1. Kindly indicate the residue of segment 174-215 that is of a type in the set (Gly, Ala, Ser) and closer than 17 Å to residue 148 by Cα and also farthest from the chain's Cα centre (by Cα) among those meeting that condition.
2. Given (1) over 23 Å from residue 147 (Cα atoms); (2) more than 19 Å from the chain's Cα centre (by Cα); (3) not aliphatic (A, V, I, L, M), where does residue 218 come up short, assuming only one miss?
3. Can you name the number of the only condition in (1) in contact with a helix residue (DSSP H, G or I) (Cβ under 6 Å, 6 or more places away or on another chain); (2) surrounded by 17 or more Cβ atoms within 10 Å (Cβ to Cβ) that residue 205 fails?
4. Find all pairs meeting these conditions: Cβ atoms under 6 angstrom apart; at least six residues apart or on different chains; first residue within segment 320-340 and under 12 Å from residue 277 (Cα atoms); second residue assigned to a loop (DSSP other than H, G, I, E, B) and open to solvent by 40 Å² or more (accessible area, probe 1.4 Å).
5. If we scan segment 49-56, do we find a residue that is within 18 Å of residue 333 (Cβ to Cβ) and modelled with pLDDT of 80 or more?
6. Please give the number of the condition residue 286 fails out of (1) at pLDDT below 95; (2) among the charged types (D, E, K, R); (3) surrounded by 17 or more Cβ atoms within 10 Å (Cβ to Cβ).
7. Only one residue in 268, 260, 278 is open to solvent by 10 Å² or more (accessible area, probe 1.4 Å) and in contact with a helix residue (DSSP H, G or I) (Cβ under 8 Å, 6 or more places away or on another chain), so which one is that?
Amino acid sequence: MAYTNRETDQVLVEEKSNARILTLNRPKQLNALTSDMGKGRAFCAGGDVATLVRDSNQGDRKAAARYFRKSYTMMYVIATYSKPQVSILNGLVMGGGGGVSIHGRFRVATENTLFAMPETALGQFPESYYLSRLTEFYGEYVGLTGARLDGAEMLACGLATHFVPSERLPMLEEALVRVDSSDPDVISSVIADFTCVPNLISNSAYQRLKTINKCFSRRTIEKIVAALESEDTNDNWISSTIQSLKKASPTSLKVSLRSIREGRLEGIDKCLVREFRISCHAMRGDISKDHFEGCRAILIDKDKNPKWHPSKIESVSDEMVDSYFLKIDDDDDWEDLKLTVSSNLPAYAIAKL
């Protein structure tokens, strides 16, 4: 039974006997998330931050506050489901697209999957909970550089739990719908019947894990860049990694590194409360306006030439970074996130294109 209109609704909901299928449905926007929420070649290209920036520039800051409150609350509900969610990641998974899938128990990648956290290039900040739990210091690398990972890399580093060739997805979905159980072991065994072990491509970043650990384990952004520059800069992977860091917002890099490092020691609730605070400060523009400048340059005007302020990593003070982690007390719209869990859930959910 379908609850939604395929032509107009941003999320399609189909109720099966044992599962609820949620299909994102903004194909032209690559399933960018809105407060109401695809379908198409993207699982989800992240939050529709361009719209939030436009609203804020026109004086409607409450829209951003509402969006982030709903977004982080949704991530918490997904992460704390007592019944499993299966996310089928057959396309682009970027930014907030990770939040609506990676926090779930099962993440199925395919040969079409392309994952990235491009936030620092937009003056934003990636999610810390799951990045901090990736293999060794791979999370710092992925979150700071915005590196693009394919499905095989997602499986290798822990972002995906299974890899299923896209041609098998219809059969997988049919099998999942027939399962009369919310037992994670049962669901995992069903998915396993359709999986295969993909090969990492020769130039995969995951093949450079030793260098990533050596460089991205450093305490500061300055030391990470210096460590990379001490490597063979004639190596294309090294040089492109350095360039990715140097093109990103210096403020975003420093705040993101600290957030990921703190995430290693915190549960999902504390991570999301902290990230909500960081996002609120970014949308208020009370410390830096890099978020607005990044969205302007990359998403709105598309000149791809953001003017960061401060423009240099060493000019971002510890006091500036500290400010992003402070509770906002002067505006009720931005009050701290309060997290609760709903118990009114189906046996399990399948999230897909």
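1. First, the residues of segment 174-215 that are of a type in the set (Gly, Ala, Ser): 175, 181-182, 188-189, 192, 202, 204-205.
When the remaining residues are screened for being closer than 17 Å to residue 148 by Cα, the result is 202, 204-205.
On the way: 202: 25, 204: 20, 205: 18 Å.
Checked segment 174-215; the qualifying residue farthest from the chain's Cα centre (by Cα) is 202.
2. Condition not satisfied by residue 218: (1).
3. Exception for residue 205: condition (1).
4. Sorted first by the residue in segment 320-340, then by its partner, the pairs are 323/287; 336/327.
5. Within segment 49-56, none of the residues are within 18 Å of residue 333 (Cβ to Cβ) and modelled with pLDDT of 80 or more.
6. Residue 286 satisfies every listed condition except (3).
7. On the way: 260 fails: open to solvent by 10 Å² or more (accessible area, probe 1.4 Å); 278 fails: open to solvent by 10 Å² or more (accessible area, probe 1.4 Å).
The conditions single out 268.
The rows are residues; the columns are (1) over 29 Å from residue 92 (Cβ atoms); (2) at pLDDT 95 or above; (3) open to solvent by less than 30 Å² (accessible area, probe 1.4 Å); (4) within 23 Å of the chain's Cα centre (by Cα).
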{"site": "292", "(1), (2), (3), (4)": "no, no, no, yes"}
{"site": "306", "(1), (2), (3), (4)": "no, yes, yes, yes"}
{"site": "309", "(1), (2), (3), (4)": "yes, yes, no, no"}
{"site": "319", "(1), (2), (3), (4)": "yes, yes, no, no"}
{"site": "324", "(1), (2), (3), (4)": "no, yes, yes, yes"}
{"site": "330", "(1), (2), (3), (4)": "yes, no, no, no"}
{"site": "339", "(1), (2), (3), (4)": "no, no, no, yes"}
{"site": "350", "(1), (2), (3), (4)": "no, no, yes, yes"}
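The values are calculated or read from the model by the stated rules, or taken from the named source; none is laboratory data. What you see is a predicted model, and the numbers here were worked out from it, not measured in a lab. Virtual Cβ from ideal backbone geometry, glycine too; neighbours counted across all protein chains shown. Please note that ligands, DNA and RNA were not included when accessible areas were found on the heavy atoms of the full protein model with its side chains. Shrake-Rupley method; radii C 1.70, N 1.55, O 1.52, S 1.80 Å.
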